[in-house]
Amino acid sequence: MLIPEFGHDFLDPRTKILMLLLVPMLAMFASNNIEVTFAISFAIIPMLLLIGIKRYRIQSIVILVLYLLSFGLFWTYKDLLTGRLQTIALILNQFLVLIIPSVMAARYLRISTLDSVFISGLVKLKIPNVVIIPLTIIFLYFEVLVSEYIRINKALKQRGVKGMVGRIIPLISSAVQISSDLAAAAMLRGLATNDRTIMDENKIRFQDLLIILFGVFVACIEIFY
């Protein structure tokens, strides 16, 4: 296989969390061509990591190619645009630079990180339980909500129901029930206790150091350059 398969243990969860925080920040504060180049280089790391997961390889390659192509076209022809076209292009570029890499970083974090590994990473970062519990519930909530919407949509299609009203009401009801179930599950699993046994041994390895040092390097360029 030409492309290596990156499992859930390829990166430490702390590295993934740092990458999720740094990707939008570095892209937001890049102010010249050199800083933008380094920020974009760091922003495509989550996309490259997603390419390493076989199930999401094709769509990640497509997103990466479209991202680089769109960004390159904007910076090539931005000086030729004027008036409203320039404003629209700037708004689209900000969406492209900030939102898409952040979504891909969050997607990689969710796909490649087991729940227990994510929690142990937060514990090792000395995050208090009042933050860990909501983050853990949010971590699971949206994925469960999306799958619930897909099931509701299929059921309504089979009954011939059209329109969003018939979908929103059962989705809201399911969302309330899901939040209650996840909160109860978090409490039962002992997330609210201070003394928890952590079975996952998370370690900072060579690939983690490479990403961390590269992120720090780009941040130093934006601060001191």
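The values are calculated or read from the model by the stated rules, or taken from the named source; none is laboratory data. Predicted model, so just to flag it, every value in this text is computed and none were measured. A quick note on method: Cβ atoms are made from the backbone with ideal geometry, for glycine too, and the neighbour counts reach across all protein chains shown.
Side notes on the structure shown:
- Unmet criterion (only one of (1) in a helix (DSSP H, G or I); (2) more than 16 Å from residue 48 (Cβ to Cβ)) for residue 66: (2)
- First in the range 107-128 and farther than 15 Å from residue 204 by Cα, second anywhere and surrounded by fewer than 20 Cβ atoms within 10 Å (Cβ to Cβ) and of a type in the set (Gly, Ala, Ser), Cβ under 8 Å, 6 or more apart: 112/7
- If only residues of the range 106-135 that are closer than 20 Å to residue 181 by Cβ and charged (D, E, K, R) are counted, the one that is farthest from the chain's Cα centre (by Cα) is 115.
- Of all residues assigned to the range 39-52, at least one qualifies as being over 26 Å from residue 222 (Cβ atoms) and in contact with a helix residue (DSSP H, G or I) (Cβ under 6 Å, 6 or more places away or on another chain).
- The range 152-196, subset surrounded by 12 or more Cβ atoms within 10 Å (Cβ to Cβ) and of a type in the set (Lys, Arg), residue modelled with the lowest pLDDT: 196
- Extreme residue, modelled with the highest pLDDT, among residues of the range 197-225 that are β-branched (Val, Ile, Thr) and not in a helix (DSSP H, G or I): 204
- Test result for residue 73, within 25 Å of residue 50 (Cα to Cα), of a type in the set (A, V, I, L, M) and either assigned by TED's automatic domain parsing to the domain that holds residue 43 or in a helix (DSSP H, G or I) (or both): yes
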